[in-house]
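Written out below as structure tokens is the structure these notes cover.
The values are calculated or read from the model by the stated rules, or taken from the named source; none is laboratory data. Predicted model, so just to flag it, every value in this text is computed and none were measured. All Cβ positions, even for glycine, are placed from backbone atoms using ideal geometry, and neighbour counts span all protein chains on display.
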Amino acid sequence: MSSRLPTPPSRRLHVLLTGATGYIASQLLPVFRERYELRLVDVRGENARGERVEGVEIADLVDAEDARLRALFQTIDAVVHLGYYRPPNLGVTGEGKRYVDERPNVDMAERVYRHALDAGVGRVVVASSNHAADWYERIVHPRQVEIIGPEHLPKSDNYYGWAKIAYEALGFTYASGAFGRKLGVVQVRIGAPREIEAAQFEGKPAAYKRDLGAYISQRDLQQLFVRSIEAERIEDEWDVPFQIFYGISNNTRAFWSIANARRVIGYAPEDDSEVRYATDIQRLLISPGNAGRVG
């Protein structure tokens with residue numbers, strides 16, 4: 001667990017967590033259970049290993065009646081939206097994925113924003129993805145540009161990334177006050193939230209360096225989400241309570257900027273993939289005969 005979590009609020013916040021049996025939820029729940037009164041929601045009660053996740057209410061946020069969703073959002077202070085509809089037999093960004101496969105996820109995000117607004121929820125924190133701007137990797141890795149920040153226009157070359165862009169755009173619409181009040185919205189463009197297995201990158205220095213730059217440890221992921229939920233103010237320079245943060249650790253090889261997360265919510269990541277995986281880096285990238293300059 002992170003040693004840099006903020007002091008807990010004086011009152012335990014009521015947090016609705018969607019996608020509660022998924023991988024990202026499994027990384028967040030240890031600290032969430034300690035800090036918050038939780039309402040957990042997913043389409044199933046077990047995780048990918050078939051293990052029951054305690055406290056999950058079964059609900060399909062795409063197809064559920066509005067009355068069911070209204071009940072879920074009552075008395076909630078903040079929503080963490082991790083829910084994702086995964087089309088069967090398709091990978092995350094596989095060539096077989098089509099517009100219609102991702103459309104349910106956009107519809108689900110819109111329902112989350114709308115019911116949060118109607119229920120008086122203060123903030124919605126959404127699991128976006130680095131894929132909302134993955135096109136830029138074509139130019140950032142060859143050093144045509146040095147770093148990509150949330151201020152860059154989102155650009156993706158696949159439907160998964162397109163859907164994440166749509167989540168973000170919808171979120172800004174709700175944050176703008178167009179529907180009567182400003183809903184606080186944070187989009188976390190999660191990088192690579194798993195431990196990096198060196199064996200998967202033998203003879204693949206470019207892919208290895210990419211994951212080193214995108215890495216986020218569990219404790220940094222927890223800190224980023226907790227601060228996104230609890231930060232008192234997230235307004236931008238135009239007083240719109242909307243932010244996009246890249247979800248990475250303090251990586252030496254980072255190619256996404258986390259400057260605004262540091263500034264706005266005090267994000268202070270503890271880990272650096274260059275240190276955590278120093279032995280593997282020495283073997284795969286630096287030792288004689290391996291192609292891989294630092295950077």
Looking at the stretch 10-40 only, could you name the residues that are touching a residue at least 24 places away in the same chain (Cβ under 8 Å), of a type in the set (K, R) and closer than 12 Å to V53 by Cβ?
none
Could you pull out the residue among D271, D239 that is at pLDDT 95 or above and at negative phi?
D271
Looking at the stretch 116-139 only, could you name the residues that are of a type in the set (D, E, K, R) and assigned to a helix (DSSP H, G or I)?
D118, D134, E137, R138
What are the residues in the stretch 242-266 that are surrounded by fewer than 23 Cβ atoms within 10 Å (Cβ to Cβ) and assigned to a loop (DSSP other than H, G, I, E, B), if any?
N250, T252, R253, A254, S257, G266
Residue by residue through the stretch 188-223, note down the ones that are out of contact with any Ser or Thr (no Cβ under 6 Å at 6 or more places or on another chain) and in a loop (DSSP other than H, G, I, E, B).
G191, P193, R194, E195, I196, E197, E202, G203, K204
Checklist (1) surrounded by fewer than 23 Cβ atoms within 10 Å (Cβ to Cβ); (2) of a type outside the set (K, R); (3) modelled with pLDDT of 95 or more; (4) not in a helix (DSSP H, G or I) applied to V185, failing item
(1)
Just wondering, is there one or more residues in the stretch 148-155 that are out of contact with any Asp or Glu (no Cβ under 8 Å at 6 or more places or on another chain), of a type in the set (V, I, T) and free of Cβ contacts under 8 Å to residues at least 60 places away in the same chain?
no
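Among the strands (runs of 3 or more DSSP E) confined wholly to the stretch 1-78, which include 2 or more residues that are within 22 Å of R114 (Cβ to Cβ) and not charged (D, E, K, R)?
Ranges flagged: 14-18, 37-42.
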Could you list, in sequence order, the residues of the stretch 270-287 that are buried (at least 17 other Cβ atoms within 10 Å of the Cβ) and either assigned to a helix (DSSP H, G or I) or touching a Ser or Thr at 6+ places or on another chain (Cβ under 9 Å) (or both)?
D271, D272, S273, E274, R276, D280, I281, L284, L285
